[in-house]
Amino acid sequence: MVSSRSLLLLVCTVLVVGAISGSDARRQRRPCCVAVTRQDTSADVVGETYRQQAATPPCVKAIIFNTEYGQLCTDPNAQWVKDLTAKMRKE
């Protein structure tokens, strides 16, 4: 059976791909998050880096982590995200 974590990662990936394919072909844009999760998925994060994304429609404000499944779009206001980014900045 599919875990909720795997399903969430799949949904985030689909949303990112949807944002890419819906963009204007004349302008090449970096993939962006159009939705974020608040669910603590810190166990899935790999590496010690993250990326901040500004809210520029259709993209939303997000902290993006890498996982073995791809990029994970997270809510920058979620406490677990704040804790993990603070830990990464110290290392």
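Laboratory data are not the source of any read-out in this text; all were calculated from the coordinates shown. What you see is a predicted model; the values in this text were computed from it and never measured. Cβ placement follows ideal geometry from the backbone for every residue including glycine, while neighbour counts extend to all protein chains displayed.
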Would you check which residues across segment 27-60 are closer than 18 Å to Asp83 by Cβ, among the basic types (Lys, Arg) and part of a loop (DSSP other than H, G, I, E, B) and list them?
Arg38
Which of the residues that make up segment 58-84 are among the polar types (S, T, N, Q) and surrounded by fewer than 16 Cβ atoms within 10 Å (Cβ to Cβ)?
Asn77, Gln79
